[in-house]
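See structure below.
The values are calculated or read from the model by the stated rules, or taken from the named source; none is laboratory data. Since the model is a prediction, treat every value here as computed from it, not as a measurement. Please note: Cβ atoms are built from the backbone with ideal geometry, for glycine as well, and neighbour counts cover all protein chains shown. We work out accessible area using only protein heavy atoms, side chains counted, and drop any ligands, DNA or RNA first. Shrake-Rupley method; radii C 1.70, N 1.55, O 1.52, S 1.80 Å.
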Amino acid sequence: MKAKIIDGKAIAATIREEIRQDVARMREAHGRVPGLATVLVGARKDSETYVRMKKKACAEAGIESFGHELPGDISQEDLLAVVKGLNADPAVHGILVQLPLPDHIDDEAILAAISLEKDVDGFHPLNIGRLSMKRRDPLFVPCTPKGCIELLDRSGIEISGRNAVVLGRSNIVGLPVAMLLLHRNATLTVCHSRTADLPAMVRQADILVAAVGRPEMVRGDWIKPGAAVIDVGVNAVDDADDPRGYRLVGDVAFDEAREVAGAITPVPGGVGPMTIAMLLRNTTDAAARALDRG
Ligand code: NDP
């Protein structure tokens, strides 16, 4: 039996509509809307595209966005001054510094300078620290990992008591998603580039989250029958039949895996759309908290 396709695009659209309604209620009750500041340093095409998509999504939800496009040779000091200015701006509830930053910038220092209450990307060391501890809720959870859990929840997939295997241990995806699964009482295995016998590890997974950045590395015969597969990977592979000359694939060989899995996310159209939806959610939550503080 073929796996159920977890339609991230449709789930993200539902969430974005929920957020639009929350924002409309906030405007009505308080005369305020959430505000997201985006900080883009330099002229990387991919980063420009991501920031444009985030601003468009904000506009559709009724969230105000404030774009800061800064030159690629900006000094660390000047960038810190921009972040501090946004920390102090009451119209800004969330600050998103688009990564990666140029090599001469210490990104850890920039992320740590973002006010904890406005850290809608969830990368502030204190938010990550809280995420790693029991019963210490972070103010914000990083968007892609949060999106993975939301996909499982909204697809009715039980997490508690099940074997979850995470492939990858990056600060942005692997590590936080592993923490979230653990807090939800999964029995957790985290695999990485030094893991011996990856296929055997993956075969234990009732829930598999793949975030390695290796095109179609996970084969169908690695998948436990009936497993839920969340494929975070986004990899461009050459494709002469595609007008762009390439197509996007995940870390999982989709056509093989869908024959075995119980549920699976496609790439594109799985995790990707959730990342932006979760950013809007975090920004709206930040605004609600700011209103509560008065
Ligand atoms: P990183 O390169 O930071 O991390 C990759 C991880 O995979 C590392 O932990 C690495 O292990 C592990 N790894 C690499 N090769 C292997 C291998 N052969 N076997 C086992 N483990 C391996 O990537 P990110 O976490 O930033 O991103 C992962 C993927 O997710 C990428 O394709 C990226 O494009 C995508 N992504 C998608 C997003 C979305 O919104 N859909 C958002 C963010 C990322 P080690 O630690 O030992 O080096």
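Quick notes on this one:
- Of the residues making up the range 1-53, those that are outside any loop (DSSP other than H, G, I, E, B), of a type in the set (Val, Ile, Thr) and either touching a residue at least 24 places away in the same chain (Cβ under 8 Å) or open to solvent by 60 Å² or more (accessible area, probe 1.4 Å) (or both) are 5, 11, 14, 15, 19, 23, 38, 39, 41, 51.
- When the range 158-192 is filtered for residues that are within 16 Å of residue 228 (Cα to Cα) and near the ligand (Cβ under 6 Å from one of its atoms), only 167 remains.
- Count of residues meeting criterion [touching a Leu at 6+ places or on another chain (Cβ under 7 Å) and among the acidic types (Asp, Glu)] in the range 53-89: 1
- Taking the range 54-91 as the range and being in a strand (DSSP E or B), out of contact with any Ser or Thr (no Cβ under 9 Å at 6 or more places or on another chain) and polar (S, T, N, Q) as the test, no residue passes.
- Subset tally (residues that are within 14 Å of the ligand (Cβ to nearest atom), farther than 12 Å from residue 265 by Cα and not β-branched (Val, Ile, Thr)) for the range 209-245: 10
- Of all residues in the range 286-294, at least one satisfies being assigned to a loop (DSSP other than H, G, I, E, B) and either modelled with pLDDT under 95 or out of contact with any strand residue (DSSP E or B) (no Cβ under 6 Å at 6 or more places or on another chain) (or both).
- Looking only at the range 267-278, residues that are within 21 Å of residue 159 (Cβ to Cβ) and more than 9 Å from the ligand (Cβ to nearest atom) come to 2 in all.
- Restricting the range 129-157 to residues that are charged (D, E, K, R) and within 14 Å of the ligand (Cβ to nearest atom) leaves a set whose member that is nearest to residue 177 (Cα to Cα) is 146.
- Residue check for residue 64: touching a residue at least 12 places away in the same chain (Cβ under 8 Å), within 29 Å of residue 18 (Cβ to Cβ) and buried (at least 16 other Cβ atoms within 10 Å of the Cβ): yes
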